[in-house]
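Single-structure report; data block below.
The values are calculated or read from the model by the stated rules, or taken from the named source; none is laboratory data. Source: prediction; values computed, not measured. Cβ coordinates were reconstructed from backbone atoms using ideal geometry, including for glycine residues, and neighbour counts include every protein chain displayed.
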Amino acid sequence: MNPTPDSPLLQHLVDDIAEQGWSMQSVFLPSDLTGALAAECRARSEAGELAAASVGRGAGQAVREGIRGDHIQWLEPGQSAACDRYLELMDCLRQALNRGLYLGLEDFECHFALYPPGAFYQKHLDRFRDDDRRTVSAVLYLNDDWQPQDAGELRLYLPDGAEREVPPLGGSLVLFLSSDFPHEVLPANRERLSLTGWFRRRA
Ligand code: OGA
Ligand code: MN
């Protein structure tokens with residue numbers, strides 16, 4: 001895979017964001033890369049590198065499992081070939097979004113997230129009150145052979161009042177405007193893995 005910002009798949013995502021503010025691509029990553037990222041997420045978890053995620057910012061930051069129960073670790077460039085391939089692809093998507101929509105996106109931050117069985121993330125917006133740089137949210141799922149009875153859907157609340165429930169199928173990507181789409185993660189019946197990230201604009 002040698003992604004460029006002109007690839008039809010990325011253009012399709014840009015068109016969806018322009019038209020409806022969100023997009024779901026069920027086949028976004030090649031399965032070898034999805035598998036490598038899932039293995040890396042599990043290895044980091046087994047090495048004790050994932051930490052309970054917190055809510056809020058600064059002095060108000062705290063772990064509250066009644067709000068969100070996932071465990072996370074941020075990605076840095078240069079940690080593994082698989083992570084670097086993913087970051088490279090997302091940088092192409094950043095450039096495609098900037099070209100098509102003039103969003104002025106400057107960077108992409110993302111973390112592995114592992115939800116143990118029963119964990120959830122209550123309805124929220126991804127934009128902080130005191131920091132509005134997060135502009136487009138991107139969630140890439142890493143779960144092999146996810147079945148409807150595994151639950152754990154992402155529920156998106158659309159601006160027109162409708163709701164969409166997206167199952168966390170391996171290799172699929174959900175993209176949405178961070179300030180416009182409240183969303184929640186429903187409890188799953190098995191471990192649920194993802195890479196969750198944000199395209200941010202200049203401060
Ligand atoms: C988040 C989030 C959605 C998901 O981490 O902010 O909303 O489907 N994740 O994992
Ligand atoms: Mn969120």
All but one of (1) over 18 Å from D15 (Cα atoms); (2) touching a helix residue (DSSP H, G or I) at 6+ places or on another chain (Cβ under 7 Å); (3) of a type in the set (A, V, I, L, M) hold for L140; state the number of the condition that does not hold. (2)
Any residue at all in the range 7-24 that's of a type in the set (G, A, S), modelled with pLDDT of 95 or more and under 19 Å from T196 (Cα atoms)? yes
List the residue pairs whose Cβ atoms are under 9 Å apart, where the first residue sits in the range 75-101 and is closer than 12 Å to P3 by Cβ, the second is small (G, A, S) and surrounded by fewer than 18 Cβ atoms within 10 Å (Cβ to Cβ), and the two are 6 or more positions apart or on different chains. C92/S7; A96/S7
If I ask for residues that are closer than 15 Å to A138 by Cβ and among the aliphatic types (A, V, I, L, M), which ones from the range 7-32 would you list? L9, L10, L13, V14, I17, M24, L29
State which residue pairs qualify: first residue under 16 Å from C110 (Cα atoms) and in contact (Cβ under 8 Å) with a residue 40 or more places away in the chain and inside the range 35-46, second residue assigned to a helix (DSSP H, G or I) and aliphatic (A, V, I, L, M) in any location, beta carbons under 9 Å apart, and separation of 6 or more residues or different chains. L37/A82; E40/A82
With the range 102-163 as the region, which strands (runs of 3 or more DSSP E) entirely inside it contain at least 3 residues that are surrounded by 13 or more Cβ atoms within 10 Å (Cβ to Cβ) and away from ligand 1 (no atom under 12 Å from the Cβ)? 105-115
Could you list, in sequence order, all residues of the range 189-203 that are surrounded by fewer than 24 Cβ atoms within 10 Å (Cβ to Cβ) and more than 10 Å from ligand 1 (Cβ to nearest atom)? N189, R190, E191, R200, R201, R202, A203
What's the number of the only condition in (1) more than 12 Å from ligand 2 (Cβ to nearest atom); (2) of a type outside the set (K, R); (3) closer than 21 Å to A52 by Cβ that T135 fails to meet? (3)
Can you find a residue that is within 12 Å of ligand 1 (Cβ to nearest atom), outside any loop (DSSP other than H, G, I, E, B), in contact with a Pro (Cβ under 6 Å, 6 or more places away or on another chain) and not β-branched (V, I, T) anywhere in the range 176-184? no
Being among the aromatic types (F, W, Y) and modelled with pLDDT under 95 narrows it down to one residue among Y141, Y102; which is it? Y102
Identify the residue in the range 155-203 that is among the hydroxyl-bearing types (S, T, Y) and at pLDDT 95 or above and, among all such residues, is farthest from ligand 2 (Cβ to nearest atom). S172
